[in-house]
Amino acid sequence: MRELQEAVSVENGTKELISVADLIHPRYVVECCESLVTHDEETQSVRLTHYTLKDFLYKECRSVLLTSVDLARTCITYLDFSAFDVPCRKYELLKERLEKYRFADYAAQFWGVHTQGDAERDEDIQLAFLRTFAAESKPTSVLEIENGLPTYLYNRYNWSKDISETMLHIASRHGLSTICGRLLDNR
């Protein structure tokens, strides 16, 4: 639930997560979704009430669902938070960061997936990508989150220094050919 609360609180251009006290209350999340979701208070998970609901929503309600541009913007804006400007460089610090920023793992794992296709051709998304990954340590910080848990994955890398990955590397690793073209045209 907390991950969802953080995701819906992200506004374009913000650099900080709002305080936990100001996040939308779980009860309101469920009420807004009416009978379409359930919230397990013990595990804090939110699920669709029926396995066929995802297909139904996609087929019948697509025009009111968030677009790939919206999802990409949310993930990239979240990763652009100043909290991720500097990598943790230690596993324990990364665990603390991921506990505080619950949407970070999803954003780091899926920003590229949401950016592929229509979103990648959106000028605002391209600029958000360029702004976010231009910061010197941001690529290392995002990659650290992406590869951070479990411990054996985190320990595969030497996090004591920044990775030597350019924006072109990042865009190509995520299959973002339009952004790669833009980066190559600007060389």
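Since every read-out is calculated from the coordinates, none of them should be taken as a lab result. All of these numbers come straight from a predicted model, not from anything done at the bench. Cβ coordinates were reconstructed from backbone atoms using ideal geometry, including for glycine residues, and neighbour counts include every protein chain displayed.
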Helix 104-115: inclination vs the chain longest Cα principal axis, degrees, rounded to 10, gives 80
Which trypsin sites (Lys or Arg not before Pro) in the stretch 1-85 pass both tests, a DSSP loop state and at most 13 other beta-carbon atoms within 10 Å? Lys15
By how many degrees, 0 to 90 and rounded to 10, does the Cα axis of helix 123-134 deviate from the longest principal axis of the chain? 50
10 Å Cβ shell holding at most 13 others, DSSP loop, chymotrypsin sites (Phe, Trp or Tyr not before Pro): longest site-free stretch of the chain: 52-156
Taking 0.36 nm per intervening residue step and subtracting the Cα-Cα distance, what contour gain separates Gln109 from Cys61 on full extension? 14.7 nm
Of all GluC sites (Glu not before Pro) in the stretch 1-46, the ones in DSSP coil with at most 15 other Cβ atoms within 10 Å are Glu11, Glu16, Glu34, Glu41, Glu42
Based on the Cα gyration tensor of the stretch 2-63, what are the three equivalent ellipsoid semi-axes, each the root of five times an eigenvalue, rounded to whole Å and given largest first? 24, 16, 9
Using DSSP to define loop residues, name the GluC sites (Glu not before Pro) in the stretch 55-162 whose beta-carbon has at most 15 other beta-carbon atoms within 10 Å. Glu136
Ignoring solvent entirely, what values of log10 I(q)/I(0) come out of the Debye formula for the chain at 0.10, 0.14, 0.15 Å⁻¹ when each Cα is a single scatterer? -0.45, -0.87, -0.98
Among Leu130, Leu94, Leu65, which one moves the most in a GNM of the chain with springs linking Cα atoms closer than 10 Å? Leu65
In percent, how large is the relative contact order of the chain, given Cα pairs closer than 8 Å and 6 or more residues apart? 22
